[in-house]
Every structure is written in structure tokens, then in C-alpha cells.
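A.B. asks: One structure is given below, represented as C-alpha cells, and several questions about it will come after.
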Amino acid sequence: MHFNKGYMSKLDQKQAVLLNFTANTYHWGCYGTSLELWTSLVERGYYVEMVNMREIHLLRPSPQNVNDFDQPEFGIALLKANPRIYHLLLSADLVFVNGEGTLHGASQGAINLLYLMYIAKINFKKPVHLVNGSFFPSDDGEPHPELDQLYGHVARVLDHVVPRETQSKAVLKRLGIETVQGFDCLPRFIHRHGLLNSHVFAPTIVVAGGVSLTKEQTLKFGQALAKVNTAGARLLFLTGAKAMVNAEDAHIFEALRSVFPSIARVDAQSMREWLDVMRHAACVVTARFHHTLAAVSLGTPCMVFPSNTPKTNASMKMLGMNRVLDIQQDLEAMVINIELALAQKLPSLEMDRINSVLHMAAQNFVGLDADPASVL
């Protein structure tokens with residue numbers, strides 16, 4: 001038998017454990033950014049095992065305070081209760097952590113992910129890279145003595161930290177942690193598939209929800225949408241995920257429909273459909289981080305409201321966008337911008353801005369063993 005050199009190189013193939021894999025949950029933007037991480041690791045010669053975001057959120061027992069992080073009895077109990085994670089960390093050559101939007105506040109998911117990163121480094125002695133994520137001990141990015149201590153305790157031991165926007169980088173710097181400025185991998189995924197700046201105008205307004213929208217805010221938003229001159233145009237609410245779609249979209253859609261009955265819901269069944277809905281539109285209006293990044297990468301004009309942390313505002317500044325609106329104060333401006341978009345008078349983002357963040361997104365993979373020329 002004859003084997004090519006590429007096949008034989010598998011004799012030395014290394015294992016990467018990708019923690020906080022989100023491709024099969026929440027919404028399709030998570031799918032795109034996680035698949036880009038997975039694909040880029042495979043391109044660099046790793047075989048990849050994943051620990052799903054849901055596994056991390058449901059991990060038990062869960063640390064109750066910073067003292068548990070260095071308590072051997074607690075670590076033994078957790079690993080005995082989670083043998084799959086124990087064996088993955090034991091065999092890993094690299095622990096690659098998808099931070100995404102998980103690391104904020106004192107949520108169960110954030111604390112569990114911090115703990116797994118910490119024991120991967122301290123107890124298992126593995127190289128640990130935290131990439132593609134935001135980093136907010138407090139949701140507003142302001143100092144918080146207890147949470148700053150916990151987040152900093154973990155981040156200081158990691159080998160490589162690549163925050164996806166400038167506000168997280170500033171938080172990490174405040175905690176004394178040197179980082180490399182990165183960006184979210186969703187634009188890189190869209191670029192990989194040849195869809196950058198592929199917008200095709202259609203008289204459609206695409207609305208996507210937001211993790212922090214209250215019912216009162218949603219109703220005001222819907223009432224403002226009802227003022228838009230939509231003659232000849234469609235209004236679509238975009239949702240969908242590979243599995244386990246987020247809970248808030250259904251409530252947001254029903255609230256919007258109560259004041260704007262003609263709005264239609266699209267439950268995207270694939271990443272392709274999710275992107276196509278935003279690609280064939282006049283504009284996208286959203287308080288979701290990844291929907292915003294998808295729209296601007298596709299070249300679709302976009303109106304953006306803040307999310308649950310400063311991540312969206314910081315990312316939009318990196319992109320040179322001045323359209324982050326306040327949902328309490330800027331609804332009239334939103335109406336004006338939607339009508340401009342329907343008249344094809346609202347410009348999309350300049351592509352040199354996208355090229356700049358694509359370069360930053362490549363920083364997520366700096367320091368890995370191989371860097372093939374074919375990689376984006």
C-alpha cells in the first residue's frame with residue numbers, strides 16, 4: 001500500500017479540546033463562529049473534540065467561590081462526576097476555549113467555564129488559549145471587587161488570551177493581563193464561504209431580537225416600526241438555530257406581532273438560509289451581536305441596539321459604525337434610517353473595515369503549531 005505524506009503526518013496529529021462549542025445551540029450566528037474555530041483548528045493539523053456550551057452550563061458540582069478553584073477535594077468531586085471532561089482534558093495537547101459571550105457576570109455558565117480553564121492549566125498542565133470572546137466580570141464592564149478577583153485569578157494563568165473587542169481588552173488590561181486584540185470569527189466564516197459584501201437589495205426589513213430586550217422595550221420598538229412607511233415592503237422577524245434555539249425570540253416575536261400584526265417569522269433551518277434572509281434585505285434591525293456582524297459582513301445596511309454587555313458598542317466602534325442606537329431615545333432615528341434603507345439611500349459598511357477585523361480575527365490562531373498558507 002502507498003500513503004501520501006499528508007496521511008502519514010497523522011502519526012503525529014495532536015488533539016485540541018474545544019471548550020464552549022456553540023454551533024448546535026442558541027442561534028445560527030453561534031454556529032458560524034464556532035464552526036470557524038473548529039475548521040481553523042483542523043486546518044492546522046489538530047483533531048478536535050468538543051465540549052458543548054450546554055454541557056458547561058449544566059456542569060455539576062459548580063464552584064461556589066474563588067476558594068473552590070484551588071480546593072483539591074472540590075476538583076476531584078467534579079471530575080468524578082464528569083468523566084468525559086476528565087478524559088478529554090487528560091488527553092488534550094491543547095485546550096482551546098471559545099469565550100464568545102459566556103464570560104460575563106456570575107452566571108453558572110461563566111463560573112463553570114472559568115473553572116475548567118483553570119484546572120486545565122493548573123492541574124492538567126495543558127496549554128490553554130482563551131479566544132474569540134468578550135470578558136466582563138461585571139456586565140457593564142465596570143470594576144467589581146469580587147468578580148474581578150475571580151476572573152483575574154483565572155486569566156492570569158492562561159497561555160494566550162485574545163479578546164474579540166476593545167472593551168474586553170481594556171478590562172483585561174485593568175486586571176494586569178496582557179492580551180492580543182482579536183475579533184469575532186463570524187466575519188471570517190462568512191469570508192471563507194465567499195459571501196462578503198454579497199448584499200442584494202430587496203424591499204424587506206429584517207428584525208432580530210436581543211438577549212436583554214424587555215417586553216416594554218419590545219412594545220415600544222414595535223410601535224416605532226408601525227410608523228415606518230412600508231408600502232410594498234415586507235417585515236420579517238429572523239430566528240432559528242441548529243438546535244435548542246434561544247428562549248427569548250418567541251416572546252419578542254409575539255410582543256412585536258401584538259402591535260405590528262403583519263410581521264412574519266422566519267425560523268431559519270440552516271446557516272445558509274439565515275444568511276440569505278439578511279443578504280436579501282433593505283436593512284437589518286437588531287440588538288443581537290452576531291446578527292449585527294453577519295449583516296455588516298454581507299454588506300447589508302444595519303441598525304444596531306446595544307446587547308447585554310458593552311461588546312456590541314465596542315465592536316461597532318472597531319468597525320467605524322456610528323449607528324448604535326438607544327432603544328429608549330433613538331426610535332425616531334431608526335424609523336428614518338429604515339425608510340432611507342428602503343429607498344436604497346443608507347450606505348453599507350466600507351469593506352476595508354471588514355478586512356481590518358478579518359486580520360484581527362486571525363489573531364485567535366496565533367501560536368498554534370501549524371499555519372498553512374491556505375488558511376484565511
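A.B. asks: On the given criteria, is residue 82 assigned by TED's automatic domain parsing to the domain that holds residue 129, at positive phi, polar (S, T, N, Q) and at pLDDT 95 or above?
C.D. replies: no
A.B. asks: So if I check each of 272, 288, 279, which one is farther than 30 Å from residue 160 by Cβ, touching a residue at least 60 places away in the same chain (Cβ under 8 Å) and basic (Lys, Arg)?
C.D. replies: Going through 272, 288, 279 in turn, the sole match is 279.
A.B. asks: Limited to region 220-270, what total is found for residues that are not in a helix (DSSP H, G or I) and not small (Gly, Ala, Ser)?
C.D. replies: Total meeting the criteria: 21.
A.B. asks: With the structure loaded, tell me whether residue 222 is without any contact (Cβ under 8 Å) to a residue 60 or more places away in the chain, touching a Phe, Trp or Tyr at 6+ places or on another chain (Cβ under 9 Å) and under 30 Å from residue 264 (Cβ atoms) or whether it fails that test.
C.D. replies: yes
A.B. asks: Looking only at residues that are in a loop (DSSP other than H, G, I, E, B) and touching a residue at least 60 places away in the same chain (Cβ under 8 Å) in region 101-125, which one is farthest from residue 51 (Cα to Cα)?
C.D. replies: So the residue we want is 101.
A.B. asks: When the residues of region 219-265 are narrowed to those that are over 23 Å from residue 28 (Cα atoms) and of a type in the set (Val, Ile, Thr), which ends up surrounded by the fewest Cβ atoms within 10 Å (Cβ to Cβ)?
C.D. replies: 259
A.B. asks: Which of the residues that make up region 314-349 are over 24 Å from residue 214 (Cα atoms), surrounded by 14 or more Cβ atoms within 10 Å (Cβ to Cβ) and without any contact (Cβ under 8 Å) to a residue 60 or more places away in the chain?
C.D. replies: 319, 321, 340, 349
Yes or no, residue by residue, for (1) part of a helix (DSSP H, G or I); (2) over 27 Å from residue 172 (Cβ atoms); (3) touching a residue at least 24 places away in the same chain (Cβ under 8 Å):
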position: 51; (1), (2), (3): no, no, yes
position: 60; (1), (2), (3): no, yes, no
position: 64; (1), (2), (3): no, no, no
position: 73; (1), (2), (3): yes, yes, no
position: 87; (1), (2), (3): yes, yes, no
position: 95; (1), (2), (3): no, no, yes
position: 99; (1), (2), (3): no, no, yes
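A.B. asks: Please work out if residue 344 is on the phi > 0 side of the Ramachandran plot and either of a type outside the set (Gly, Ala, Ser) or assigned to a helix (DSSP H, G or I) (or both).
C.D. replies: Answer is yes for this residue.
The values are calculated or read from the model by the stated rules, or taken from the named source; none is laboratory data. Here the structure is a predicted model, which is why all the values come from computation and not from measurement. Neighbour counts run over all protein chains shown; Cβ positions are idealised from the backbone, glycine included.
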